[in-house]
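No value in this document is a laboratory result; all are computed from the given coordinates. Remember, it's a predicted structure, so these values are computed and weren't measured experimentally. Cβ atoms come from the backbone with ideal geometry, glycine included; neighbour counts cover every protein chain shown.
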Amino acid sequence: MEIVIFGAGSLGSLIGGALASDSKNAVTLVARDPHASAVCASGLEVRGELETTVTPHATTDGHGLEADLAVVAVKSFDTAAAAETLATGSYDTILSLQNGMGNEETLAARLEAPVLAGTASYGAILQAPGVVECTGIGEIVLGARAGGSSDRADRISDLFASAGLETTVATDMPRRLWEKLAVNAGINAITALTETENGAVLEADANDLALSAARETARVARSCAVSLSNREAVVALESVATETAANTSSMRQDIHAERRTEIDAINGYVVDRAAERQVPTNRILTALVRTWERGVGIR
Ligand code: KPL
């Protein structure tokens, strides 16, 4: 299968590397330099659990590409721009594997190909240009964005599973996206602000804060007619934090590199959707990360 990974940062490179390790797949990474040039020159080295070295194509220019599948792994604030670039190419299926909410709708509004929703809870870090490390085996969950069954989702799940990626097809993607939002709301900002690994949210002090952010997210989900209990949100948070305990969250990686974070699409999204509900933990985490962004001149 021909696959384009659109936004091959840490997670995109990990998934692209795994898919490229299956000789039936031809993978192209759309990435930033110096990562794209390093992959072109010496291939992509995947370290950790999914260890392999592969030679996918890599480019910094995503215009005019054609493939069976485009996996979109860009940051949520880049989704609209990614959709414009994807629209210059041709794809049979688009799969969003991004943090935050509303990405699939943004892609579907601009693109003709069917858009599937997905979440990925793998831990991944770009150690150097051309080198990505898998720091936690998580899970990829994918399915029709409005819920229900999807033959396309089944086929893509088989493709991912053949490449060694833990993959589940879900018929309740809207709920799964909220569940993943609760996980990110509880892990990302806290680990970024405290410069800790994901496992820190299971420890004293941070744990209360993380559980509170996840529970608030579940409450807001329910007010949006999505059936996610507080307990389910907490179990999901604890499970991902345990599986990826040694991982540096994507927001911590962003803050470390002084890049814009996904705070608006994670805790900020919960605050925006809360209407008259009180979500003090998400509000404080959003304010702190936005303050950091302002301090370094990003916002
Ligand atoms: O999605 C993630 C992220 O860092 O953005 C988790 C699953 C928390 C892995 O670190």
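Could you let me know the centre-to-centre spacing of region 78-119 and region 15-60, using Cα atoms, in angstrom?
Answer, in whole Å: 21.
Return an integer: the convex hull volume of the alpha-carbon atoms of the chain, in Å³ per residue.
114
For n ≥ 4 DSSP H runs only, could you compute -39500 (n - 2.57) per run for the chain, divide by its residues and tell me the 222 nm figure to the nearest 500?
-13500 deg cm²/dmol
Would you mind computing, in nm to one decimal, how far apart the modelled labels at residue 57 and residue 225 are, each placed 7 Å from Cα along Cα→Cβ?
Those two pseudo-labels are separated by 4.3 nm.
Zone of residue 245 (label point 7 Å along Cα→Cβ, backbone N under 14 Å): which residues in region 96-140?
Hits in region 96-140 for residue 245 at 14 Å: 136-137.
Mean projection of the alpha-carbon convex hull of region 2-169 over all orientations, in nm²?
8.2
To the nearest 0.05, how large is the calculated FRET efficiency for residue 194 and residue 158 if R₀ is 41 Å and r is the Cβ-Cβ distance?
0.55
In what sequence do 24, 180, 75 fall when counting other Cβ within 10 Å, fewest first?
24, 75, 180
Please give, to one decimal in nm, the separation of the simple spin-label points placed at residue 146 and residue 202, each 7 Å out from Cα toward the Cβ.
Rounded to a tenth, the inter-label distance reads 4.0 nm.
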